[in-house]
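Heads up, the thing below is written out as structure tokens.
None of the figures in this text is laboratory data; all of them are computed from the coordinates on show. From a predicted model like this one, the values you see are computed outputs, not experimental measurements. Note that we place each Cβ from the backbone using ideal geometry, even for glycine, and neighbour counts take in every protein chain shown.
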Amino acid sequence: MGISRNTRLRRHKSNNSVIPGFTLSLGVTLTMLSLIVMIPLASVAVVMTGYSLAEFWATLTDKMALHAYWVSLSCALTAAIINVVFGIMLAWVLVRYDFPGRRLLDGLIELPFALPTAVAGIALTTLYSDQGWIGSLFAPYGIKISYTTTGITLALVFIGIPFVVRSVQPVLEKLDRQTEEAAAILGASPFTTFRRVILPELLPAILTGFGLVLARGIGEYGSVVFIAGNIPYETQIAPLLIMVKLEQFNYAGATSIALVLIVLSFVILFTIHRLAGQIERRIKGGADT
Amino acid sequence: MREYSGNIGKNALIILCFLFIVIMLLIPLISVLAYALRQGWAVFWEAISDPYALKALKLTLVTTVWALVINTVFGIFAAWALTRYRFRGQHIIETLIDIPFAMSPVIAGLVFILVFGRIGWAYPILQQWDLKVVFAVPGIILATVFVTFPFVSRELIPLMNAQGTDEEEAAALMGAGTFHIFSKITLPHIRWGLLYGMILCTARALGEFGAVSVVSGHLRGKTNTLPLHIEILFSEFKLTSAFAVSSILVVLAIIILILKNIVQRKGKSEVQ
Amino acid sequence: MFVELEKVNKTFGSFQALKDVSFGIEQGKIVGLLGPSGSGKTTILRSLAGLEFPDSGIIRIAGRAVNDVPARERGVGFVFQSYALFRYMTVFDNIAFGLSVKKKKNGAERGQIPERVHELINLVGLKGMEKRYPAQLSGGQRQRVAFARALAPQPQVLLLDEPFAAIDAKVRKELRTWLREMINRVGITSIFVTHDQDEAIEVADDIVIVNEGGIEQKGSPAEIYQHPATPFAARFIGQSSELTDYSRLHGFLPIAGFHQAVIRPEFVHIFRPDADPYPNSTDDGLVEQAYFRGSVQELHLNVCGQRIIVNNALDDGLLSSGDRLRVLVSRMFLVNEREVRLAENASLRDVNPVFI
């Protein structure tokens, strides 16, 4: 018994696939991963050890920095919520209805991925400025969009469109229509059916999409930098503050803000992942409660 | 079906979606072209045939090709290693590959400043060999590669996991070599996914702004990519020129979008 | 009639799923819609539920024409083939769903929901599983939840689509009996769809045989078995042999207009050649294949060049291929495209009129 268990363990350790190429493929993977991702990232830690904790803390809690985190986080959060609403709606319309232009609509969803962020940035800034096509419609009422947090949110909504749609869409496609029929026969109105039967099924996908938009929004630079206007204490976003610190050769300051953003996006993605996983596990019959 | 969708509700939703997409996506797209041509074709032509613009376009294309080649090679090797064998640390590697996704592009640029910049540990070594990374082309390429690093492997890993290893194992037992197995058995299954990943990688590389902006140093004609060139024109209030140059990227984006949809459809129909 | 279909037609594209379907169901009966897959039986069920809307014809439930009544107002319960339980709700919430969406306005009735749900949970024997999720239940338990959920809003009619299809064979028999008992206890008019004749015979009071979008026959299981009204019914029920040259058998004369005969295994009797009590009525038979079926042995016989299937009771000992027998066919169904006629063995009637 003991011997056979031992050999099995050993066989598992040194992979025993019959497919050749293990050493080569893993070697190339690890080398490239080290050169491009791991060594540079490790260097950040090395650089950080050169600064005193007090110095680090001071930049971290600097008033201007705190405000920049707040602008980034609140705008990203608003954008994520807007994208969840429209993302669900778009996914629903694309999956459930057939209408002229459906394929065009479907094909356009990824435009924010394909269009360079700088181009999107200057286009949105110009459109929503006081003289722009859309901005001029609002200007007479004293509503400014470009160079305000509204503008930042708008740019983040633009960037985030594909995330929720593309995470909800496949789930909606695979959904068992019989559960909806069951709800209808039991007397539920279409809205109740959506709220109580369909929405819970979509929740993990919605959460995933929400998390991706949020994380992307906090770190987004290209599309936001133009429309933000970069006014300290007003429309200065955190990634832009990193840029500002770098231009002043304040590497310690830039790095500490970067660290906050990294931690923030990891916490968001990790939390969302946990939440979605918990919901999934429940319905897959894992031990719950 | 009659019961589920009141036609009013259905049509209202469809119209709302169209409005959203038109306002949020289509109008910005059209506005780029409209602003670019606002002062006529002559001005447009002048802006895009400007030597600095052409040099920026060239650098953008060179960078994109580098990113595409490196990440495709990496993506294939990584997907092969992570899906064809079981070994310890597999999950850690997968997570590490995804890190660039979760990071702000500005931070990606910052990372390379901290390694190769004046305060970086690699700076003295580079000095010895008289090499420049930061504020030079290698830095731009490196930053772009970093930002687009997961694109190809992320497409391939789920695809190859779903496909399983039966066919490769059968071929290996018949004595086929690694390259033979890959090109004859694996590649036909993953080609559309591979193309899809490469298209996404291209799109991102063409447009990368934040990371490149940090490491570039904005030297006109030397380290300026097209998006950076657009930024300079815009900040100098040369709006028409900025939009004219942008329209090159818009056309590329539309081509990418069309390719993406074709590849996606082919891939889907092949699965079914 | 409590549930009634009158000349119901339904097409999907160019495919006519239902052709002039008319039949009625008495209150309190359990009716099985029996037919091969694609016969239209599920379309009938879905039309009754309001999940499909017929192109023409009238559907009445409890005297009311419901053609234009949406599913949620029809007062029917539906058990889906795959149960379609709400995966994100507990057993309790699944069963309570129909009550909670209906009694929104009435506070007093809302308070009674837990009571009603517990009553149903007790009825279907799932006490203690209220807080489980569907994924944590076995197939049989899920079916019980689906059943209780359908019954909760006290529907007038219960519809079940292939209620046993998703359950493995071992539990299926047990559940059939259980379902029949449950329906009888609740006393609800029930219609279920099945392609399994054993299931229909065992569970239903009445069977409706559906074929190619039309109704072939409606009647009690015994009626349908003994007096098939159409060639399809004769062939579909029971495991039968079909012969074209039936007049070559002893005691049967060719009848004009009937080219085929359907012979049920129990219409056939076999004897050892040395112990044939009816030598004037039997034919020579050769065992071509013998299959052991547990309680009986299924024999495929060659009689006058045609195959006849018969079950051999084991108390006479096992037979094997190559064995020679004497074969008596006591009766058969003669069929053509439209009609069925029962034919008795003529030679037998002369000798022993009270045989069997």
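Label point 7 Å out from C:V296 along Cα-to-Cβ: which residues of region C:312-336 have amide N under 20 Å? Correct set: C:312-334. Listed by chain and number, the aspartates and glutamates placed with their C-alpha closer than 18 angstrom to that of B:K132 amount to none; residues fewer than eight positions away on the same chain are left out.
Going from the residue with the fewest nearby Cβ atoms within 10 Å to the one with the most, B:W41, A:W70, B:W192 rank B:W41, A:W70, B:W192. Structure remark: mean-square fluctuation, Gaussian network model of chain A, C-alpha springs under 10 Å; the largest value among A:L26, A:L104, A:L66 belongs to A:L26. In summary, the lysines within cross-link reach of A:K245, defined as a Cα separation below 18 angstrom excluding same-chain residues under 8 places away, comprise A:K63. Test of understanding: in a Gaussian network model of chain B with alpha carbons linked when under 10 Å, which of B:G221, B:G120, B:G175 would top the mean-square fluctuation ranking? Maximum among the listed residues: B:G175. Checking every one of the trypsin sites (Lys or Arg not before Pro) in region C:304-346 against DSSP loop status and a limit of 14 other Cβ atoms within 10 Å picks out C:R338.
Here B:K222 is the anchor, and the aspartates and glutamates within straight C-alpha reach of less than 15 Å, apart from those fewer than 8 places off in the same chain, are B:D50. Label-to-label distance, B:Y123 versus A:L104, with points set 7 angstrom from Cα along the beta-carbon direction: 5.5 nm. Look at the stretch C:145-151: the mean tally of other chain Cβ atoms within 10 Å of its residues' Cβ atoms is 1. Using a ≥ b ≥ c from the Cα gyration tensor of region A:67-288 (square roots of the eigenvalues), is it rounded, prolate or oblate, where a/c under 1.5 gives rounded and otherwise the larger of a/b and b/c decides, a/b for prolate? The shape class here is oblate.
Partner shielding of B:222-234 amounts to 3, given as the average count of beta-carbon atoms from other chains within 10 Å of each residue beta-carbon. Residue separation of C:E6 and C:E115 scaled by 0.36 nm, minus their Cα-Cα distance, works out to 35.3 nm of gained length. For chain C, the relative contact order comes to 16 percent (Cα pairs under 8 Å, sequence separation of at least 6).
Reducing region B:251-272 and region A:226-289 to their Cα centroids gives an inter-centroid distance of 31 Å.
Within the listed set A:Y233, A:Y51, A:Y221, the Gaussian network model of chain A (springs between alpha-carbon atoms below 10 Å) gives the highest mean-square fluctuation for A:Y51.
The stretch between A:F249 and A:F270, if pulled fully straight at 0.36 nm per residue, gains 4.3 nm over its current Cα-Cα span. Using the Cβ-Cβ distance between B:L37 and B:Q90 with R0 set to 56 Å, the FRET efficiency works out to roughly 0.60. In terms of the Cα gyration tensor, with a ≥ b ≥ c the square roots of its eigenvalues, is region B:1-138 rounded because a/c is under 1.5, prolate because a/b exceeds b/c, or oblate? Taking the square roots of the gyration eigenvalues as a ≥ b ≥ c, region B:1-138 is oblate. Dividing the mean sequence gap of close Cα pairs (under 8 Å, 6+ apart) by how many residues region B:41-271 holds gives a relative contact order of 34 percent. For A:S34 and B:K222, the FRET efficiency from 1/(1 + (r/R0)^6), where r spans their Cβ atoms and R0 equals 22 Å, is about 0.15. Evaluated with a Cβ-only charge set (Lys, Arg +1; Asp, Glu -1), chain B carries a dipole of roughly 260 debye about its Cα centre, given to the nearest 20.
Structure note, pairs B:K58/B:K260; C:K10/C:K102; C:K7/C:K218; C:K41/C:K218; B:K10/B:K266: Cα-Cα distances above 19 angstrom occur for B:K58/B:K260; C:K10/C:K102; B:K10/B:K266. Sorting B:T225, B:T178 by the number of Cβ atoms found within 10 Å of their own Cβ, with the fewest placed first, yields B:T178, B:T225.
Please state the shape class of the protein assembly as shown: rounded when a/c is under 1.5, otherwise prolate if a/b exceeds b/c and oblate if not, all from the C-alpha gyration tensor. Here the protein assembly as shown falls in the prolate category. Remark: A:T29, C:T11, A:T125 ranked as C:T11, A:T29, A:T125, counting other beta-carbon atoms within 10 Å and listing the fewest first. For region C:1-86, GluC sites (Glu not before Pro) meeting the loop criterion (DSSP other than H, G, I, E, B) and having at most 13 other Cβ atoms within 10 Å: C:E26. Inter-chain Cβ neighbour count for A:174-183, averaged per residue, equals 6 (cutoff 10 Å, partner chain atoms only). Close amide-amide hydrogen proximity is noted between C:S56 and C:N9, each under 5 Å apart and 5 or more residues distant or on a separate chain (H modeled in the peptide plane; Pro and chain starts excluded).
Between A:I81 and C:E212, the simple label model (points 7 Å from Cα in the Cβ direction) yields a spacing of 6.3 nm.
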